[in-house]
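Student: Quick one: this structure, given as structure tokens, is what I'll be asking you about.
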Amino acid sequence: MPNAKVLSEKQAIVAALTEKLQAESAVLVKNDGNLLPLKKGIKVYVESSNSDAKAGYDKYIAEFATVVDTMEEADVVVGDFASINDVTELFVD
């Protein structure tokens, strides 16, 4: 059983990492060309590091938009990533 000091230190590290990831993942949406709110029927590409989250986005977005299979087909791209890594950076580029 882990001792209380080690567990406390681990929780502090996890809390700090969580805060850092949240700060780095904040996105400012700029409404260029009056894109927002999205118009019914707009084409949306969704990518996520979590397959369940992607399925949820796809299902919800499909109620008012067309979910497409590639970024090239999309008018709008939605990304949801749990961590910053090479794949995420490529997505953002």
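Student: Would it be correct to say that Glu63 is acidic (Asp, Glu) and either modelled with pLDDT under 75 or assigned to a helix (DSSP H, G or I) (or both)?
Tutor: When the stated conditions are applied, Glu63 does not pass them.
Student: Could I ask something else about it? Condition first: over 8 Å from Asp80 (Cβ atoms) and either of a type in the set (S, T, N, Q) or open to solvent by 40 Å² or more (accessible area, probe 1.4 Å) (or both). Now tell me which residues in region 36-55 satisfy that.
Tutor: Passing the criteria: Leu36, Pro37, Leu38, Lys39, Lys40, Gly41, Lys43, Ser51, Asp52, Ala55.
Student: If I filter region 6-30 down to residues being of a type in the set (S, T, N, Q) and at pLDDT 70 or above, which single residue comes out as nearest to Ala62 (Cα to Cα)?
Tutor: Among them, the one singled out is Thr18.
The values are calculated or read from the model by the stated rules, or taken from the named source; none is laboratory data. All values reported here derive from a predicted model rather than from experimental measurement. Methodologically, a virtual Cβ is constructed for each residue, glycine included, from the backbone with ideal geometry; neighbour enumeration extends over all protein chains shown. Ligands, DNA and RNA are stripped out before the accessible areas are found, and what is left, the full protein with its side chains, is counted by its heavy atoms. Shrake-Rupley method; radii C 1.70, N 1.55, O 1.52, S 1.80 Å.
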